[in-house]
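First up is the structure itself, then whatever we jot down about it.
Derivation of every value follows stated rules applied to the coordinates shown; laboratory data play no part. Keep in mind it's a predicted model, so treat the numbers as computed, not measured. Methodologically, a virtual Cβ is constructed for each residue, glycine included, from the backbone with ideal geometry; neighbour enumeration extends over all protein chains shown.
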Amino acid sequence: MRRVIFYLFFDPHGIVDDYIVHKLARLREHAETIFVVSNSALTTDGRSKLESVADTVYVRENVGFDVWGYKQAMEAFGRDRLAKYDELVLMNYTFFGPVFPFSETFETMNRQDVDFWGITAHKSMNPNPFPGANDELPMHIQSHWIAVRKRMFTSLEFQDYWDSMPMIHSYEDSILRHESRFTKHFSERGFSYSVTFPPENYPSTHPIFENANLLLKDRCPIVKRRLFFHEPTYLERNAILGRRVMEAIEATDYPTDLIWRNVVRSAEPRTLYTNLSLLEVLPEFDSGYRPEPQPRIAVLAHIYYEDMVDETMSYVKNIPVPYDLIVTTVSEDKKRHIERDLKPYDAANVEVRVMEQNRGRDMSALLITCKDVLLSDKYDLICRVHSKKSPQNDYNTAVLFKEHMFDNLLYTPGYVASILRLFEDQPTLGMAFPPIVNVGYPTLGHSWFTNREQAEDIAEKLGITTKFDRSTPVAPYGTMFWFRPDSLRTLAEHNWTWDDYPAEPGHNDGGLAHVQERLLGYAAMNEGYHLRSIINRDWASINYAFLEYKLQRVASRLPHFTQDQMDYLDRIQAGHPLLSAVKDAVDRRFPRVGHGLRPLYRLTRRAYRAGRSPHQAQDRL
């Protein structure tokens, strides 16, 4: 069968990730011609990658969404030329694959005598969930893969469909005017169709998204990218576990690094972290595992409080393989004390460095005093720790923060061995750190504090394009973490100066050190690495119990599900009238009472409206 694939591509930065190249190379086995239409400008490297696997790379202005991309690609290809083929496929960049060989899909569908087919379909929905649609959403083949055979694509009906296609101005337009319309439109005109993985075989309206695991069990070759960066409250409400999907993919031959390299650019870190459950609860017992060959490890320890040498080393000594120890401090006197106190400890090589200036604390010590270490390529992994006292906080919260850091980085030799194994098993893991401290601290939902504006400025200056989290960056709060040196290359290569940091005691939010603390994870993801949090079982128990209590305490005053809660709060914050807020609360908690009070609501609303002055009424327009 002579087959041409029209492959639609888009990336806001013009970057072509390797999952695209991998996919097109595997499709080449089943297509005589691959025509890539890009709705975005391409980098030089991106164009080169596409040209290595496609016959044509056609770059157009990003108008009309995917629908007009397909329309203009087919027009550029030409109807006379197209008529020489047996099948055309309209396909796009919104999925990873092949998780299983494409040959299985093509061989199955080659045996079916139909006019058009798709790999997956969406079930009908009534009412139609899209704004402005009055009828039901029909069952439809999804637009990420629609194959059409000659009898249909050479027909007048097919030509008229595309010739009369109006300009598409929104995502909703593309669904209502093309994706959800295509199947019904042509089936009503006598064209037959089939779906490789029929939606009736699955228990949801949107199987490719909500039943990805079941589709993979049936050897569906594709997984939608959106699963990794969709709004987590939707996944939570529908019990969609991205981690289970990734585990299923890992059990195949598909190279998962292709997924990681793309999603770290596409998703907000907090969204990716949540959707893939990137919190690892690691065992503390020693299973006997030791990496082979042993990774080259350095510990970079900033010790300002020299009385904390023994406490710091009581944790560092849990590293079960040889390591170099490089200590930074702020004076020659402290250096002498530290060197003396380090003598009993067994490190392969020990070096104590004195910072040129006491500005920027542990962050300047890392990025200026230890810049050569970060850029040396001498180490595979680095553990970053520092003597932490947090004297600005009360005793209990200060001690909790310190122990939260050290216990979840260096708890026992077996626990550290588990961390080393995690890095060995996950080659795209760039950084691992304790989860955000929340017991005793107002971090959840607020941890940008006054640092976001400067973080955005620095990110733009350094070329860090990772999406910023809305409220709570995924970051190593407390600046203790395990990392691959290459993950911080962008930050390490920049020539920071001592004067960039405020003089002591100006180590406050909004200062460079606090900004850099929040940029660490974004910088690592910008290098193509992903992030994970690590926690031992003891701290997991402590944190989960408090988180559960805090969540249920807040949720008890709100609607049932998270997205409903957010919608409710958005209405309140947008100035939703007090009466409506009271009505919502009563309806939610006492629905029968709320129903009985509706006449009173109406009377009160009329009185409220009548009592407004003309000026107030105008303000509401």
>> Please list the three semi-axes, largest first and in whole Å, of the ellipsoid equivalent to the range 484-571, using sqrt of 5 times the eigenvalues of its alpha carbon gyration tensor.
In response: 36, 19, 16
> Along the three principal axes, how long is the range 263-313 when you take its alpha carbons, biggest first, rounded to the nearest angstrom?
Replying inline: 43, 33, 22
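Translational diffusion coefficient of the range 91-181 at 37 °C, 0.692 mPa s, Stokes-Einstein with Kirkwood Rh over Cα pairs, in µm²/s as a whole number.
Using the Kirkwood radius from Cα pairs, D works out to 218 µm²/s.
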>> Charges on Cβ only, +1 for Lys and Arg, -1 for Asp and Glu, centred on the Cα centroid of the chain; of F209, L42, A267, which one is farthest towards the dipole's positive end?
In response: F209
> Considering the dipole of the chain built from charges on the beta carbon (Lys and Arg +1, Asp and Glu -1) around the Cα centre, which of S390, G288, I146 is farthest to its positive end?
Replying inline: I146
> So what are the three principal axis dimensions of the range 1-135 from its Cα atoms, in whole Å, longest to shortest?
Replying inline: 46, 38, 35
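Starting from the Kirkwood Rh over alpha-carbon pairs, what translational D in µm² s⁻¹ does the chain have by Stokes-Einstein at 37 °C and 0.692 mPa s? Don't jump to the answer; show the numbers that get you there.
Numbers: Rh = 28.0 Å.
Once the numbers are plugged in, D ends up at 117 µm²/s.
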> In the calculated pair distance distribution of the range 280-548, what percentage of Cα-Cα distances lie above 24 Å?
Replying inline: 46
> When the dipole is taken about the Cα centre of the range 3-265, and only Lys, Arg (+1) and Asp, Glu (-1) are charged at their Cβ, what size is it in debye, to the nearest 20?
Replying inline: 140
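Above 20 angstrom, tally the Cα pairs of the range 322-421 and express them as a % of all pairs, no decimals.
Counting pairs separated by more than 20 Å, the tail of P(r) holds 51 percent.
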> Based on the inverse mean of 1/r over its pairs of different Cα atoms, what is the Kirkwood hydrodynamic radius of the range 132-192, in Å?
Replying inline: 12.5
>> What does DSSP give for the range 280-548 in terms of the percent of beta bridges that are antiparallel, rounded to the nearest 5?
In response: 15
> To the nearest 20 debye, what charge dipole does the range 250-408 have about its Cα centre, counting +1 at the Cβ of each Lys and Arg and -1 at the Cβ of each Asp and Glu?
Replying inline: 540
>> Once the cut-off is 34 Å, how many percent of the Cα-Cα pairs in the range 3-265 end up in the long-distance tail?
In response: 13
>> Which one, L137, P344, L27, is farthest towards the positive end of the dipole of the chain when Lys and Arg carry +1 and Asp and Glu -1 on their Cβ?
In response: L137
> With each run of n ≥ 4 DSSP H residues scored as -39500 (n - 2.57), what mean residue ellipticity at 222 nm is computed for the chain after dividing by its residue count and rounding to the nearest 500 deg cm²/dmol?
Replying inline: -12500 deg cm²/dmol
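Could you give the dipole magnitude of the chain about its Cα centre, charging the beta-carbon of Lys and Arg +1 and that of Asp and Glu -1, in debye to the nearest 20?
Details: 74 positive and 83 negative charges, 456 e Å.
Using Cβ point charges on Lys, Arg, Asp and Glu, the chain gives about 2200 debye.
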> Can you list the trypsin sites (Lys or Arg not before Pro) in the range 306-386 that are in a DSSP coil and have 13 or fewer other beta carbons within 10 angstrom?
Replying inline: K378
> Which order, highest average first, do 558-570, 111-123 follow once you tally other Cβ atoms within 10 Å for each residue and take the mean per peptide?
Replying inline: 111-123, 558-570
> Nearest-5 percent of antiparallel DSSP beta bridges in the chain?
Replying inline: 30
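Would you please name the GluC sites (Glu not before Pro) within the range 147-250 that are DSSP coil residues with at most 10 other C-beta atoms within 10 Å of their C-beta? Can you show the working numbers first?
Numbers: sites: E157, E172, E179, E188, E200, E210, E236, E247, E250; in loops: E188.
Counting only loop positions with at most 10 other Cβ atoms within 10 Å, the GluC sites (Glu not before Pro) in the range 147-250 are E188.
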